[in-house]
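A short write-up of the structure that comes next.
Bear in mind these aren't lab numbers, they're just calculated from the coordinates by the rules spelled out. None of the values given here were measured: they were computed from a predicted structure. As a convention, Cβ positions derive from the backbone with ideal geometry for all residues, glycine included, and neighbour counts pool all protein chains shown.
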Amino acid sequence: MQDKLQRCYQIQKEVSRGSYFRGVIECKSLGRLVEKLNNDQGKITVEFNFSDSGYDHPILQGHLETILTLECQRCLKSLKLPMKIEFKLLVDAPDELALDSSLESICSEDGTIDIFEVVEEELILGLPLVPMHEGKSCNEYWQSQDDTPDVVMKENPFSVLKKLKMN
Ligand SMILES: [Zn+2]
């Protein structure tokens, strides 16, 4: 086990060593993720290992944990979002195999994986499309779009005529 993560790992070498890695990645080193955050102060704890999958392709498996700061789209204040993500990725496997095994696949760069990119991708995919505080009370001026508007029932002109005739 080692605490410092490097960016890139040679898959075959790590599979044969059975290496297990644990460490911390700073949010600010993940540029595409930071664009979607309110600040770049977070840290991400990552654990992972490379192993033989039994599918003739190695597997990168692990989990990550962090608390990201987003902007609530209802009140525009900051919103802390805890995230825990498990990942299990077949490396360089053809699509059919990924489908068969119901695992996601990932492409290496000449047998090398950039773990920062993997973590960044997993986090971006896990972000809510429209982050909001739980409950609807964080902005009293907010009118949710899924609230159905009050429908004013107009009286049918013919029923008015009917009433007139009856009188
Ligand atoms: Zn809010």
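Distances between placed amide hydrogens fall under 5 Å for residue 67 paired with 43, 83, all partners being 5 or more residues away or on another chain.
Phi angles of segment 24-33 translate, via the Karplus equation with coefficients 6.51, -1.76, 1.60 and θ = phi - 60°, into HN-Hα couplings of 10, 10, 7, 3, 5, 8, 10, x, 5, 6 Hz per residue; Gly and Pro are given as x. Taken along the Cα-to-beta-carbon direction at a fixed 7 Å, the label points for residue 136 and residue 45 span 3.7 nm. With the convex hull of its Cα atoms as the shape, segment 13-96 has an orientation-averaged projected area of 7.2 nm². Model label points for residue 71 and residue 125, set 7 angstrom from Cα along the Cα-to-Cβ axis, are 2.7 nm apart. Couplings 3J(HN,Hα) of segment 35-45, computed from phi: 4, 9, 10, 7, 8, 10, 7, x, 10, 10, 8 Hz, in residue order, whole Hz [Karplus 6.51 cos²θ - 1.76 cosθ + 1.60, θ = phi - 60°; x for Gly and Pro]. Qualifying trypsin sites (Lys or Arg not before Pro) in segment 69-125, where qualification requires a DSSP coil assignment and no more than 16 other C-beta atoms within 10 Å, comprise 77.
Near the amide H of residue 108, within less than 5 Å, lie the amide hydrogens of 92, all on another chain or at least 5 residues away, with H placed in the peptide plane. Packing here is the average count of other Cβ atoms within 10 Å per residue, and on that basis the peptides 57-68, 89-100, highest first, run 57-68, 89-100. For segment 4-35, the list of trypsin sites (Lys or Arg not before Pro) that fall in a loop by DSSP and count at most 11 other C-beta atoms within 10 angstrom reads 4.
Remark: spin-label model distance residue 80-residue 107 equals 3.9 nm, labels positioned 7 Å along the Cα→Cβ axis.
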